[in-house]
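The values are calculated or read from the model by the stated rules, or taken from the named source; none is laboratory data. The model shown is predicted, which means the values in this text are computed figures rather than measured ones. Here the Cβ positions follow ideal geometry from the backbone for every residue, glycine too, while neighbour counts run over all protein chains shown. Ligands, DNA and RNA are excluded from the accessible area calculation, which covers all protein heavy atoms including side chains. Shrake-Rupley method; radii C 1.70, N 1.55, O 1.52, S 1.80 Å.
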Amino acid sequence: MYYYVSGMVAHVEPWLAVIDCGGVGYACRTTSYTLSQIRKGEKATLFTCLSVREDAMDLYGFVSQEERKLFQQLTSVSGVGPRVALAILSAGPPANLAMSIITGDEKALTQAPGVGKKIAQRIILELRDKLARGQTISGAGESVAGPAVTIIPQNKLSEASAALAVLGYSQAEINVALRGIDVESQSLEQVVRLALKNMVKG
């Protein structure tokens with residue numbers, strides 16, 4: 001229903017940002033990470049996700065489309081509700097969370113309040129499965145047609161590609177974003193960040 005809201009940041013408090021759009025304040029439940037990127041009294045755009053239940057209707061807002069995509073991915077996992085998803089996303093940038101999922105880092109996920117080992121394992125299992133794209137990555141960073149299989153990271157290029165896939169990018173977008181990046185001389189986190197910058201430029 002709402003793709004984004006854009007306007008002056010009228011109010012902020014833990015887990016909440018109110019965006020004034022033409023005199024109407026939209027209360028967006030959000031993460032600590034998004035709150036750290038906006039300032040009261042300044043203009044901001046939050047990409048939104050509307051949650052409608054029998055007893056409530058909540059609007060969630062995020063500073064980037066990547067963070068919103070991860071929120072939607074997390075809440076699709078059995079046992080992970082919006083509050084838990086916000087807590088997980090509050091730990092840091094979306095790219096860091098994506099890499100934690102790809103590399104199976106349960107410890108990073110369990111640092112979020114309300115996330116135990118079982119939930120962390122379920123998140124890793126279910127979101128890794130969503131990496132099935134029907135393509136694999138060659139050593140040169142090109143897509144290779146093949147049967148639909150889950151990408152199992154075996155090198156830095158594959159891990160970066162899988163992390164970007166978790167964020168919702170298509171294989172074609174990933175291939176273009178990774179093109180020209182010196183993967184070997186950069187850390188995995190740097191490769192993903194550079195690829196995300198390339199996405200924005202495109």
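Calculate for the chain the 222 nm mean residue ellipticity that helices alone would give, adding -39,500 (n - 2.57) per DSSP H run of length 4 or more and normalising by residue count, nearest 500 deg cm²/dmol.
-12000 deg cm²/dmol
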Response to the item:
Expressed per residue, the solvent accessible area of the range 66-134 in Å² (1.4 Å probe) is about 43 Å²
Discussion item. For a quick check, take a GNM of the chain with Cα springs below 10 Å and name the residue from 44, 120, 160 with the largest mean-square fluctuation.
Written reply: 44
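Carbon and sulfur: what percent of the chain's accessible surface (1.4 Å probe)?
Details: 5350 of 10420 Å².
Roughly 51 percent of what the probe reaches on the chain is carbon or sulfur.
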Worksheet entry | Amide H within-cut-off set for residue 2, under 5 Å, with H built and near neighbours excluded | 50
Item to complete: Just flag the trypsin sites (Lys or Arg not before Pro) in the range 16-117 sitting in loop per DSSP whose Cβ has no more than 15 other Cβ atoms within 10 Å.
Response: 39, 40, 53
Practice prompt. May I ask you to list the GluC sites (Glu not before Pro) in the range 14-114 that are in a DSSP loop and have at most 15 other Cβ atoms within 10 Å of their Cβ?
Written response: 42, 54
Item to complete: Read phi for every residue in the range 90-104 and hand back ³J(HN,Hα) as whole Hz from Karplus 6.51 cos²θ - 1.76 cosθ + 1.60, θ = phi - 60°, with x for Gly and Pro.
Response: 6, 5, x, x, x, 4, 5, 5, 4, 5, 5, 5, 5, 8, x
Worksheet item: Around residue 28, which amide H atoms from residues at least 5 apart in sequence, or from another chain, sit under 5 Å from its own amide H, with H modelled in the peptide plane?
Response: 17, 18, 19
Worksheet item: Along the three principal axes, how long is the chain when you take its alpha carbons, biggest first, rounded to the nearest angstrom?
Response: 52, 38, 28
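Roughly how many debye, to the nearest 20, is the charge dipole of the chain about its Cα centre, given +1 on each Lys and Arg Cβ, -1 on each Asp and Glu Cβ, and no other charges?
Numbers: 20 positive and 18 negative charges, 15 e Å.
So the magnitude is around 80 debye.
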Fill in: Long pairs among 118/156; 117/156; 43/107; 156/197, criterion Cα-Cα beyond 24 Å
118/156; 117/156; 43/107
Fill in: Cβ-based charge dipole, the range 154-202, positive-most Cα from 170, 190, 200
200
Worksheet entry | J(HN,Hα) series, the range 60-76, from Karplus relation 6.51 cos²θ - 1.76 cosθ + 1.60, nearest Hz, glycine and proline x | 10, x, 9, 6, 9, 5, 4, 5, 5, 4, 5, 4, 5, 5, 4, 6, 7
Fill in: Long-range HN-HN contacts of residue 64 with modeled amide H, under 5 Å
47
